[in-house]
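What follows is a short report on a single structure.
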Amino acid sequence: MFKLEQIKKSEEQSLRSQAVAKAQQAKKVEQTPELTREMVEAEKTYRQGAISIKDLIAPASFQVNPNYLILGGKYVRTIFVVSYPRFISIGWFAPIINLNSTFDIGMFFYPVESAIVLKQLKNKVGNLEAQIIGDAEKGAARDPLRETALRDIEALRDALTQGTEKFFQFALYVTIYADKIEELDKLSNEVENIFGSRLVYSKRVYWQAEQGFNSTLPLGNDELFIAFNMNSSPVASSFPFISSELTSDSGILYGINRHNNSLILFDRFSLQNANSVVFATSGAGKSYTIKLEVLRSLMMGTDVIIIDPENEYKHLSEAVGGTYINISLASDNKINPFDLPRSVSGESKADDIIRSGVITVKGLIRLMLGDLSHEEDSIIDRALLETYAKKDITPDCDLAKIEAPIMQDFQDILEGMEGGANLALRLRKYTQGTFSGLFNSPTNVKMNNQLICFSVRDLEDELRPIAIYVIINYIWNVVRSEMKKRVLVIDEAWWLMQHEDSAKFVYALVKRCRKYYLGVTTITQDVNDFLVSPYGQAIVTNSALQLLLKQSPASIDLIQKTFVLTEGEKYLLLECGVGEGIFFAGNKHVAIKVVASYTEDQLITSDPRQLLEIEEAKKEFAASQEQEG
């Protein structure tokens, strides 16, 4: 029995050990995939070795000092901006961007809820008003700083409430690199001086050199978090890439981009319309700029017509062989305001042409005679139709073979009409009186040159807007008669904005000229007179090209409102030099500096001293030629 029990026990132990062995073997089989994966990873690691991308780009050493780092063989320092002035101009950061050195820039924008800011501003306004009232009650002198701060806060509150501005916390860091510590200190001083010249206060990192370096790495980590409260406009002016590129394959050179020194090459006829407006104070270089554009447009084959109120374009016209036409009471050059287009291309009927001519002449009569009653307006309308009919100009005639009436014919018709005697009497000074030499003759002016200048300098101020109206009407008739690539320059256009009829006529011209391949350039120094007129505003809206040069403080607010300028652009126009400003082309605009070559400058200069020198040189040359002859 004993032996049987031992055999049974040994068999049970054997079976148990086999079961354990099988279980261990099964467990080992289950772990095989994990072991396989571990072996594969180990193999990859082994094959990669110790070298990785990080090892390739990382410096050989990294030493942290209180206010700079040593990165391999480079010395590195971060400069951060602490505060900004009350006003900051657009492009103020450009000198830093254009430094010929190696550096990194970090900008961080943290939006702040307007409700939070408005609540804080409300408390600040209350404190300032209390302080101002307290000073007044004590009899203390007024504090300009507090009053200015109160006005600024009120303006910011309005902008935030209306949604035209947002509020941010803005952090700006610049990390510079140098090979030696002396070069690093020199470059640091240069950067700080540039900031200081803009009244921007900056500091160097101290015991935060590593955090400053990390903040300018392309990781988006702000480890310094030294931010300044700003609204949208100054934040936008701090952005480094602010300048649009206006360099195209065709067109003329208008100037140099002040922000990045690129060329502003542009073809005005490539826009939705070729119209342009130029606003500037006297002496800001507007005529100089336009003469430069005219000269370069002539080289590109464009015909140019100029209305010159001060003989500023005479020297240019003589230099390029243009036609200079003097319109005055004593001049032999005459323009008949009753002229119609010399030929019709078939797109307009004779009836429409005559009706348009009557409306245009009626606007001229209003300028000449002043305000008219409804009855007088009706009499003049009927008299004009009869004046044309007297010369057999009817809807059935051939307009290419007509002889246009003159002002005397119109007066004769008025005298024979019931109710027209008084109007004829008022008109007599333009036919037989003091002003009879201007509008009472057939047209003898020919426009068969690439450059045509009409001078109205010798006209009295009373006649000048009337004469410009007649000249523009004559030019418009010529433009409609033959389609060519043309530019019409109207200098001192504010003369025409003073009267509703002339302003309406210029607006209609600007609106319709695109169909006839014409671009109209209106130039004015009296911005208020021009923009206050609703037609002046409409002319700006219908001009795809706009040039703003230096402006006066009296008109800058109206300019800012009309052209939706930022505060930085506003102060740029107040502080810029001669020939500098903002150039708008469609939706893009850049800061421009007009630059001419020496030869171009000699042809277009308006400086009296230079003009006298040129005249003296001409006389000396003529005298030497006579002596040699």
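The values are calculated or read from the model by the stated rules, or taken from the named source; none is laboratory data. In this text the structure is predicted, and so the values were computed from the model without any measurement. Note that each Cβ is placed from the backbone with ideal geometry, even for glycine, and that neighbours are counted across all protein chains shown.
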Check your understanding: What is the residue count in region 601-616 for residues that are more than 31 Å from the chain's Cα centre (by Cα) and under 12 Å from residue 290 (Cα atoms)?
Key -> 0
Point to revise | Flag if residue 318 is without any contact (Cβ under 8 Å) to a residue 40 or more places away in the chain and closer than 30 Å to residue 583 by Cβ | key: yes
Revision key, fill the gap. The number of residues in region 479-493 that are hydrophobic (A, V, I, L, M, F, W, C), crowded, with 21+ Cβ neighbours inside 10 Å and not in a strand (DSSP E or B) is 2
Check your understanding: Can you name the residue in region 41-66 that is at pLDDT 90 or above and in a loop (DSSP other than H, G, I, E, B) and, of all such residues, is surrounded by the fewest Cβ atoms within 10 Å (Cβ to Cβ)?
Key -> 66
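Can you report the number of residues in region 436-453 which are assigned to a strand (DSSP E or B) and without any contact (Cβ under 8 Å) to a residue 60 or more places away in the chain?
Looking only at that region, the number is 0.
Would you check which residues across region 581-604 are in a strand (DSSP E or B) and at pLDDT 85 or above and list them?
581, 582, 583, 584, 591, 592, 593
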Exercise for review: Could you please let me know if residue 443 is β-branched (Val, Ile, Thr), within 27 Å of residue 307 (Cα to Cα), surrounded by 14 or more Cβ atoms within 10 Å (Cβ to Cβ) and within 46 Å of the chain's Cα centre (by Cα)?
Suggested key: yes
Check your understanding: Can you spot a residue in region 113-128 that is in contact (Cβ under 8 Å) with a residue 24 or more places away in the chain and under 25 Å from residue 258 (Cβ atoms)?
Key -> no
Exercise for review: Output yes when any residue across region 363-379 is over 44 Å from the mean Cα position of the chain (by Cα), within 13 Å of residue 410 (Cβ to Cβ) and surrounded by 14 or more Cβ atoms within 10 Å (Cβ to Cβ), and no when none is.
Suggested key: yes
Practice item. Would you check if there is a residue in region 605-627 being polar (S, T, N, Q) and surrounded by 14 or more Cβ atoms within 10 Å (Cβ to Cβ)? Key: yes
Practice item. Name the one entry in 543, 552 that is hydroxyl-bearing (Ser, Thr, Tyr) and surrounded by fewer than 17 Cβ atoms within 10 Å (Cβ to Cβ). Key: 552
Practice item. For residue 403, indicate whether it is in contact (Cβ under 8 Å) with a residue 40 or more places away in the chain and either in a helix (DSSP H, G or I) or not β-branched (Val, Ile, Thr) (or both). Key: no
Check your understanding: Among all residue pairs at least 6 apart or on different chains, which show Cβ distances below 9 Å where the first residue, located in region 373-393, is more than 17 Å from residue 360 (Cα to Cα) and the second is aromatic (Phe, Trp, Tyr) and surrounded by 15 or more Cβ atoms within 10 Å (Cβ to Cβ)?
Key -> 391/338
Review point. Listed residues 503, 544, 554; which is modelled with pLDDT of 80 or more and touching a helix residue (DSSP H, G or I) at 6+ places or on another chain (Cβ under 7 Å)?
Key: 503
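Taking the residues in region 244-260 that are at pLDDT below 75 and over 21 Å from residue 291 (Cβ atoms) as candidates, determine which candidate is farthest from the chain's Cα centre (by Cα).
Looking at the filtered set, the residue picked out is 249.
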Practice item. Read through the list (1) acidic (Asp, Glu); (2) at pLDDT below 90; (3) within 20 Å of the chain's Cα centre (by Cα), then give the number of the only condition that residue 312 fails. Key: (3)
Revision key, fill the gap. Checked region 605-614 for anything part of a helix (DSSP H, G or I) and touching a helix residue (DSSP H, G or I) at 6+ places or on another chain (Cβ under 9 Å); matches are 610, 611, 614
Point to revise | Looking only at region 507-533, and only at residues there that are among the polar types (S, T, N, Q) and in a loop (DSSP other than H, G, I, E, B), the one that is nearest to residue 309 (Cα to Cα) | key: 525
Practice item. Select from region 293-329 the residues that are crowded, with 17+ Cβ neighbours inside 10 Å and among the β-branched types (Val, Ile, Thr) and list them in ascending order. Key: 294, 302, 304, 305, 306, 307, 325, 327
Study note, to complete from the structure: If we ask which residues in region 380-400 are modelled with pLDDT under 80 and either surrounded by 16 or more Cβ atoms within 10 Å (Cβ to Cβ) or outside any loop (DSSP other than H, G, I, E, B) (or both), their number turns out to be 2
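From the list 266, 239, exactly one residue is hydrophobic (A, V, I, L, M, F, W, C), at pLDDT below 85 and in contact with a Gly (Cβ under 7 Å, 6 or more places away or on another chain). Which is it? Even if it seems obvious, please write down each step before you answer.
On the way: 239 fails: in contact with a Gly (Cβ under 7 Å, 6 or more places away or on another chain).
The unique qualifying residue is 266.
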Review point. If we scan region 158-180, do we find a residue that is modelled with pLDDT of 90 or more and exposed (fewer than 12 other Cβ atoms within 10 Å of the Cβ)?
Key: yes
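Which one of 456, 478, 470 is β-branched (Val, Ile, Thr), touching a residue at least 60 places away in the same chain (Cβ under 8 Å), more than 24 Å from residue 293 (Cα to Cα) and not assigned by TED's automatic domain parsing to the domain that holds residue 391?
The conditions single out 470.
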